[in-house]
1. Within the range 326-359, take every residue that is among the basic types (Lys, Arg) and part of a helix (DSSP H, G or I) and give me the one that is farthest from SER296 (Cα to Cα).
2. Quick check on this structure: which one of LEU96, LEU148, LEU139 is farther than 30 Å from ARG335 by Cβ, modelled with pLDDT of 80 or more and either of a type in the set (Phe, Trp, Tyr) or surrounded by 11 or more Cβ atoms within 10 Å (Cβ to Cβ) (or both)?
3. Cβ-Cβ below 6 Å, separation at least six or inter-chain, first residue in the range 340-363 and under 18 Å from GLU274 (Cα atoms) and aromatic (Phe, Trp, Tyr), second part of a strand (DSSP E or B) and modelled with pLDDT of 90 or more: which pairs?
4. Looking for something at pLDDT 90 or above, assigned by TED's automatic domain parsing to the domain that holds ARG253 and under 23 Å from ARG250 (Cα atoms) - is there at least one such residue anywhere in the range 282-289?
5. Of the conditions (1) at pLDDT below 80; (2) surrounded by 12 or more Cβ atoms within 10 Å (Cβ to Cβ), PRO118 fails just one. Which one is it?
6. Which one is farthest from the chain's Cα centre (by Cα) among residues in the range 25-63 that are modelled with pLDDT of 85 or more and part of a loop (DSSP other than H, G, I, E, B)?
7. Considering (1) modelled with pLDDT of 70 or more; (2) within 30 Å of ALA272 (Cβ to Cβ); (3) more than 24 Å from the chain's Cα centre (by Cα), say which one ARG198 fails and leave the rest.
Amino acid sequence: MTALGAAVALGTPVAAAGQAPPRVPLDEFAWVLMALAVALVPLRLVRPVVTLIAITLVTGTYLVAGYPYGPVVLALAVTAYAVALTTKPPVAWSALGLSFTALVGAQTDLARPVEVLPAVFAVVLWLGLPALLAKIARLRRDAVDERLRQRALVEREHAERLAVEHRLAISREVHDVVAHSLSLISLQAGLAVHLFDRQPDEARAALTTIRQSSGEALADLRRVLTSLREPAPTAPDHLRLDRLGEVVDRVRRGGRSVSLEVIGRVRPMPGAVETCAYRVVQESLTNVLKHTDDASAAVRLTYGEDDMTVEVVDTGGGNPSPGGSGQGIAGIRDRVVALGGRLSAGPVPSGGFRVRAWLPVVGG
């Protein structure tokens, strides 16, 4: 505002000095018109179209009066830029067109005739050039806004995908931790009820197993919840293959016969591979407890040079029942696929059910 006023006040006398008649010398009315034009400019921030019309009237009056050309048109140019930048295009171009027509007409007044072409050229400079610059700025601004919108959309989708994956991970962990122990507890509870009167010692042993299994389940669940509170949740560190014997022993206490065979050079594997293999065995033996009354199971771990194979076969058809959720098999399949492996699960011709997982090993 101050710079514009200074440019008009200092530049107009200089511009007028080089203009010969028929331009009218500057007088008090000319200075009033110039001051009014400059004073109206700040209104462009709130009412750009109204401000353009008002400054057009002031500038047109200045031109009709025959005063010299000069920096007074800067107020018009600044306002034209604001209109083109901030107003909807149909409204902006209508207002600019109206201003263009009025200013060309003001310069071709019959009392002071001038050539129409120079008048048109002058108004194009005053209005068209600022409008063109505003159009370019608007396109760049819209492009930036669109990029920001697309980035925000991608980030939101990414956040939603991470949230879904996190919920699925929590669901898998809780299922894997709880399902095995609860299946054993349910089995032993039924056994205790059945033997309570006739074989109290056996019933007491079943209750002891329930107490041990419930304690282990609570400890495992506590480990999972603790890992989820960490900045970067990780799998519980106790899920190592050298502890598979504990899972096998718990299933044996549930009345099932389970064998464990290890083939190949036993060595530490990457944590993700050991956790996945542990969960495959745990879920498979859980299904044996849940879906068979009297069956044996064979667990086989095969260490290859750059892979590992986990196979669990039972003799009693220990597949998820039709009424089950199937979450366990789906969960371990997701784990295996996430590591680039393959999982197959289904009945075998000789009877029973087989779960087989192949896991690639990197860094084992």
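The values are calculated or read from the model by the stated rules, or taken from the named source; none is laboratory data. Values in this document were obtained by computation on a predicted structure and should not be read as measured data. In this analysis, Cβ positions are derived from the backbone assuming ideal geometry, glycine residues included, and neighbour counts consider all displayed protein chains.
1. So, considering only residues that are among the basic types (Lys, Arg) and part of a helix (DSSP H, G or I), the one farthest from SER296 (Cα to Cα) is ARG335.
2. The conditions single out LEU96.
3. What qualifies is TRP358/THR309; TRP358/ARG342.
4. No, there is no match, as no residue in the range 282-289 is at pLDDT 90 or above, assigned by TED's automatic domain parsing to the domain that holds ARG253 and under 23 Å from ARG250 (Cα atoms).
5. For PRO118, the exception is condition (2).
6. If we take residues in the range 25-63 being modelled with pLDDT of 85 or more and part of a loop (DSSP other than H, G, I, E, B), then ARG47 is farthest from the chain's Cα centre (by Cα).
7. (2)
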